[in-house]
């Protein structure tokens, strides 16, 4: 009987020992599964943020900063699997830190874009004292006191009739006969490139200081040849014609239009600089300083190069914060 009881006692002791050994392993396995689920969730969020920061893909994602751990050899019975859980926790902490950095970068990019849009909005000029012609109008407006220009043709007319003076209005003066004759004396280019001819004719009118007639001619170029290689030149010179004619408010609209239409255009930097000049003329120092600041930031090569003299003259005496 004693032997039988001893045998039963040994079996019970072995069973209790086995339960004590297996219980910690089950608890560790459950903890490991919970951590694995958490790690998968965090890694999924990380990939989502990477796609947001780099929407066009092409491999523009952060390389993993952690690598999968080597699968450990099976532990002896009764040995806790704490090493696997610790490894998972380390991986999860590293991924969460990477996720925080990506989130911060996204917020920084959005904040930077917001500031740039605010700067461009600040450059919008105040309404001009007198209404400006629409840049995309089908028929260019004739500036006050300007001679109505005949179209440039590649073949001279047999006997051009006298150009009638524009209808008189309370604010528009009829050009004198001497002015009409002087304008008609400006030679009209004739080549196989009609857009180039139109632009050069406008330039010659501006160079001869016939600013209203130059504005009329250059407006025609902008309307009829919007895709011509000279379009950036024409829009900028159109603003210059209005500015030199003493109408800086109207000129500012054309300068801003040329800059925003194509910031890489041949005369986009000129227009941004002269936008600041126009704002200075109407005593809008805040917008003038905004234009000059944008000019320095966007075209540093012109600040020290082609437009250095004009920039120094334009900013002389202008006090910006």
Whole percent per 5 Å bin, from 0 to the bin with the longest distance: what is P(r) over all C-alpha pairs of the stretch 176-233? 4, 21, 28, 25, 13, 6, 2, 0
Using 0.36 nm per residue, how much length does the chain from residue 309 to residue 187 gain when fully extended, once their Cα-Cα distance is taken away? 40.8 nm
Would you mind ranking 289, 320 so that the residue whose beta carbon has the fewest other beta carbons within 10 Å leads the list? 320, 289
Under the rule a/c < 1.5 gives rounded, and otherwise a/b versus b/c splits prolate from oblate, where does the stretch 177-315 land using the Cα gyration tensor? prolate
Measure off 7 Å from each Cα along the Cα-to-Cβ vector at residue 47 and residue 111, then give the distance between these two points in nanometres to one decimal. 3.0 nm
From the Cα gyration tensor of the stretch 252-304, with a ≥ b ≥ c the square roots of its eigenvalues, which class applies: rounded if a/c is under 1.5, or else prolate if a/b is larger than b/c, or else oblate? oblate
Taking R0 as 25 Å, what's the FRET efficiency between residue 178 and residue 281 from their Cβ-Cβ distance, rounded to 0.05? 0.30
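Would you mind getting me the FRET efficiency between residue 261 and residue 40? Use the beta-carbon distance for r and R0 = 35 Å, nearest 0.05. Walk me through the numbers on the way to the answer.
Values: r = 49 Å, r/R0 = 1.41.
Using R0 = 35 Å, I get an efficiency of 0.10.
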Distance in nm between label sites at residue 196 and residue 104, each 7 Å beyond Cα in the beta-carbon direction? 5.6 nm
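Read-outs throughout are calculated quantities, based only on the coordinates presented, and are distinct from any laboratory measurement. Being a predicted model, the structure only gives us computed values, none of them experimental. All Cβ positions, glycine included, derive from the backbone under ideal geometry; neighbour counts span all protein chains shown.
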